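Asks: Got a structure here, written out as structure tokens. Questions coming.
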Amino acid sequence: MSEIHVAHHEGNRYEVTVKGGKTTTHHVDLPRNYYLKLSGGKISEEDLIRRSFEFLLKHEPNTAIFPRFELATINRYFPDFEATMTREI
């Protein structure tokens with residue numbers, strides 16, 4: 001299993017490091033309204049991003065994850081993402 005580290009930068013920007021077979025770094029934007037839509041404020045932004053990467057890693061290797069993206073982009077490629085997140089939180 002991969003190890004996921006989430007670090008908050010300024011505003012709604014986060015840096016995510018995934019340590020697996022190969023270590024990768026990703027820059028993720030999480031607008032406040034999207035965070036509230038998925039989490040209802042029940043978990044931290046960092047926890048939502050970590051869970052989102054766990055979701056992604058079930059579908060693709062960390063080396064296939066975009067190096068920079070907005071969290072809502074995941075739903076374009078995996079239409080069950082938002083339903084999965086809201087159901088599991």
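The values are calculated or read from the model by the stated rules, or taken from the named source; none is laboratory data. Quick caveat: nothing in here was measured; it's all calculated off a predicted structure. Methodologically, a virtual Cβ is constructed for each residue, glycine included, from the backbone with ideal geometry; neighbour enumeration extends over all protein chains shown. Note: accessible area is taken over every heavy atom of the protein model, side chains too, but ligands, DNA and RNA are not part of it. Shrake-Rupley method; radii C 1.70, N 1.55, O 1.52, S 1.80 Å.
Per-residue answers, yes or no, for (1) part of a helix (DSSP H, G or I); (2) hydrophobic (A, V, I, L, M, F, W, C):
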{"position": "Ile4", "(1), (2)": "no, yes"}
{"position": "Gly21", "(1), (2)": "no, no"}
{"position": "Thr25", "(1), (2)": "no, no"}
{"position": "Gly41", "(1), (2)": "no, no"}
{"position": "Asp47", "(1), (2)": "yes, no"}
{"position": "Ser52", "(1), (2)": "yes, no"}
{"position": "Leu56", "(1), (2)": "yes, yes"}
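Asks: Which of the residues spanning segment 66-81 are in a helix (DSSP H, G or I) and either open to solvent by less than 50 Å² (accessible area, probe 1.4 Å) or of a type in the set (Gly, Ala, Ser) (or both)?
Replies: Those that are in a helix (DSSP H, G or I) and either open to solvent by less than 50 Å² (accessible area, probe 1.4 Å) or of a type in the set (Gly, Ala, Ser) (or both): Thr73, Ile74, Asn75, Phe81.
Asks: Name the one entry in Thr84, Thr63 that is among the hydroxyl-bearing types (Ser, Thr, Tyr), loosely packed, with under 13 Cβ neighbours inside 10 Å and in a helix (DSSP H, G or I).
Replies: Thr63
Asks: If you don't mind, another one. Please determine, by comparing only the residues of segment 1-30 that are free of Cβ contacts under 8 Å to residues at least 60 places away in the same chain and small (Gly, Ala, Ser), which one is most open to solvent (accessible area, probe 1.4 Å).
Replies: Gly21
Asks: Could you check Asn33 against (1) modelled with pLDDT of 95 or more; (2) exposed (fewer than 12 other Cβ atoms within 10 Å of the Cβ); (3) assigned to a loop (DSSP other than H, G, I, E, B) and say which number it fails?
Replies: So the condition that Asn33 fails would be (3).
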